[in-house]
Amino acid sequence: MVEEAPIRAGSGEQGELFPDSSLPDELVGYRGPAACQIAGITYRQLDYWARTGLVNPTIRSAHGSGSQRLYSFKDILVLKVVKRLLDTGVSLQNIRVAVDHLRERGVQDLARITLFSDGTTVYECTSPEEVVDLLQGGQGVFGIAVSGAMREISGTIHEFPAERADGTEIVVVAEDELSKRRRTRATG
């Protein structure tokens, strides 16, 4: 069964990604190949990170040969952040610590976080004061705005097939401006 849902502007990132409010966010996900493309990683990385517990799919894990992992929006966001941290030279050991902190947060909380690193340690900053304190330490640091990664994912995720945890595929049909106006006129 395939369900169609128009893309609508909503309040917040999740409103735009999952426009049909009858679909709980935690039950909608993306298979491994799509998660790789969205996050910008290889399937080999995805598989290794799942097997070692770095980033596990929260919707559905693989149950033997032929089964498909299903990754949530938050999982894909974490995959993208892990990739960026790796690209800047942070060790997997330190990334594991950072990922443990990210798992504890909701998607809206993640949007307010900026991760900084001096190449070895990863710091989480949620306010301008924390950023200033970190920078005053005099070390060279780089930052990853989680909200920026979230916007990147939000801009492309609708191009990939999604499905519910029960395996039902969700087809998102883009709604043009004229269709949106007609719908608004009809309902309001």
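Of note:
- Per-residue HN-Hα couplings for the stretch 145-154 [Karplus 6.51, -1.76, 1.60; θ = phi - 60°; Hz; x = Gly/Pro]: 7, 4, 5, x, 5, 5, 5, 4, 5, 4
- Using θ = phi - 60° and Karplus 6.51 cos²θ - 1.76 cosθ + 1.60, couplings along the stretch 44-52 (whole Hz; Gly, Pro as x): 4, 5, 4, 4, 4, 5, 6, 5, 8
- Amide H to amide H distances under 5 Å link Arg31 with Tyr71, where only residues 5 or more positions off or on other chains count and H is placed in the peptide plane.
- Expressed as a whole percent, the accessible surface of the stretch 101-156 that belongs to carbon and sulfur atoms is 51, based on a 1.4 Å probe.
The values are calculated or read from the model by the stated rules, or taken from the named source; none is laboratory data. As the structure is a prediction and not an experimental result, all values here were calculated from the model. What goes into the accessible areas is simple: the full protein's heavy atoms, side chains included, and nothing from ligands, DNA or RNA. Shrake-Rupley method; radii C 1.70, N 1.55, O 1.52, S 1.80 Å.
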